[in-house]
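Encoded as structure tokens, the structure appears first; notes follow it.
What follows is calculated from the coordinates using simple rules that are stated; it is not laboratory data. Values in this document were obtained by computation on a predicted structure and should not be read as measured data. We place every Cβ from the backbone using ideal geometry, glycine too, and count neighbours over all the protein chains shown.
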Amino acid sequence: MDQIRLGLAELIGQHLHAFNEANSLGYWEKEHLARAVATLAMNIRSGRDSPAWLRLSLTDIIKALAPPNRRDEGYTPKDPHIEAITFDQLLRALRTVGG
């Protein structure tokens, strides 16, 4: 289970850096990568080896990678708190979760 957690953290970090370098870390990517970090943290903090939170984390990583023509960005109003999240804040959160 620890190897899976580490793999997910590395995958989130790789995509976070790639979006940042491509200057394409938009609302969609922030929302789903932040959720991926949060669900990974939930799995780690739960103290159990249940894969449920890990599946949700992977699902949000996949959603972050969805091409624009496969997104439904207007299904809910944008949250200004998500809009304000920065690359550095996401990276710090990921590092906090990953230890």
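With +1 assigned to the C-beta of every Lys and Arg and -1 to the C-beta of every Asp and Glu, and no other charges, what is the dipole magnitude of the chain about the Cα centre in debye, to the nearest 20?
So the magnitude is around 240 debye.
Considering just Cα atoms, how many Å³ per residue does the convex hull of the stretch 47-99 enclose?
Spread over its residues, the Cα hull of the stretch 47-99 gives 124 Å³ apiece.
Rounded to the nearest 20 Debye, what is the dipole magnitude of the stretch 11-59 about its Cα centre when Lys and Arg each give +1 and Asp and Glu each give -1 at the C-beta?
For the stretch 11-59, the charge dipole is close to 240 debye.
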